[in-house]
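Okay, structure first, notes after.
The values are calculated or read from the model by the stated rules, or taken from the named source; none is laboratory data. Being a predicted model, the structure only gives us computed values, none of them experimental. FYI the Cβ positions are ideal-geometry reconstructions off the backbone, even for glycines, and counts take in every protein chain you see. Note: accessible area is taken over every heavy atom of the protein model, side chains too, but ligands, DNA and RNA are not part of it. Shrake-Rupley method; radii C 1.70, N 1.55, O 1.52, S 1.80 Å.
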Amino acid sequence: MEYPNSYLAQFVARPNRFVATCRLNDELIKVHVKNTGRNKEILKPEVPVALVKSANPQRKTQYDLVAAQVGSRWINIDSQAPNQVAFDSIQAGTIQLPGIATADILTLKREVTFEDARFDIFGSTATQPFFVELKGVTLANGPLAAFPDAPTSRAAKHVATLIRAQQAGYQAYLCFIVQMSAISKMTIYAQRDPTLYAAILQAQKAGVHLLAYGCTVTPATLQVTYPLVLDLTQVFTEVS
């Protein structure tokens, strides 16, 4: 996916989880942050950031903050982006769903409800319906990425519902989209959220497929490009 009207700026501060102050062409402006997570490892004073200007003149903030540069690596933090790029990548065959041939997919829809959850993608072949729940990943230490960056009861709830969908005859997938380049492996940050880690282990035993994909990222683009090793035994340590 490509963002139109992209501009480079510098991050200054984040007074709350929705708004940040950035410096664009020597002017301080308020922007909307397209990720309500903490992102404390990413959004540090003076780091380069990518802003996308809105076409809506009625908005209180004219720009969205969608990516930041940490070292030499750009990290996309747009929480809505994984859904779009994953949907497109399943259609194109870049994301391969185990047990489902891309050519056999007859239906592919976004945001479909099952019981008490709304899964990101529903699809079906002539004989097999399936759900895909997506999680964006923005935390890393070198070539190792990890999820989550903060405890998330919502993700644990989604995993529990994926298990029930699997038991009801759907094929269920939990797919992690790592929104940065130069990653070779991914893990679950068990120390950060042991409840989620236990739920994912249970899901794997129940037949839910776990997938992870890396991306190519620039200030204005995000593209799913390759599958990653997902190692649930790998211990993650944050950069100090």
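Here is a yes/no grid of residues against (1) touching a Gly at 6+ places or on another chain (Cβ under 6 Å); (2) open to solvent by less than 20 Å² (accessible area, probe 1.4 Å); (3) assigned to a strand (DSSP E or B):
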site	(1), (2), (3)
11	no, yes, yes
29	no, no, yes
65	no, yes, yes
90	no, yes, no
- Task: Just give me the residues in the range 193-229 being open to solvent by 40 Å² or more (accessible area, probe 1.4 Å) and either assigned to a loop (DSSP other than H, G, I, E, B) or more than 30 Å from residue 8 (Cβ to Cβ) (or both), in sequence order.
- Result: 194, 195, 197, 198, 201, 202, 204, 205, 209, 227, 229
- Task: Answer yes if at least one residue in the range 181-189 is within 25 Å of residue 110 (Cα to Cα) and open to solvent by 10 Å² or more (accessible area, probe 1.4 Å), and no otherwise.
- Result: no
- Within the bounds of the range 92-100, is there any residue that is in a helix (DSSP H, G or I), open to solvent by 40 Å² or more (accessible area, probe 1.4 Å), without any contact (Cβ under 8 Å) to a residue 24 or more places away in the chain and on the phi < 0 side of the Ramachandran plot? yes
- Which of the following residues is closer than 23 Å to residue 84 by Cβ, modelled with pLDDT of 95 or more, in contact with a helix residue (DSSP H, G or I) (Cβ under 7 Å, 6 or more places away or on another chain) and in a strand (DSSP E or B): 174, 162? 174
- Give the residue, chosen from 125, 113, that is under 18 Å from residue 208 (Cα atoms) and crowded, with 16+ Cβ neighbours inside 10 Å. 125
- Item | Filtered residue count, the range 230-240, keeping only those that are open to solvent by 60 Å² or more (accessible area, probe 1.4 Å) and either in contact with a helix residue (DSSP H, G or I) (Cβ under 9 Å, 6 or more places away or on another chain) or of a type in the set (Gly, Ala, Ser) (or both) | 1
- Message: If residue 75 satisfies all but one of (1) in a loop (DSSP other than H, G, I, E, B); (2) closer than 24 Å to residue 154 by Cα, what's the number of the condition it fails?
- Response: (1)
- Task: Would you check which residues across the range 189-213 are in contact with an Asp or Glu (Cβ under 8 Å, 6 or more places away or on another chain) and over 24 Å from residue 83 (Cβ atoms) and list them?
- Result: none
- Item | the range 137-163, residues that are crowded, with 23+ Cβ neighbours inside 10 Å, within 14 Å of the chain's Cα centre (by Cα) and within 27 Å of residue 113 (Cβ to Cβ) | 137, 138, 147
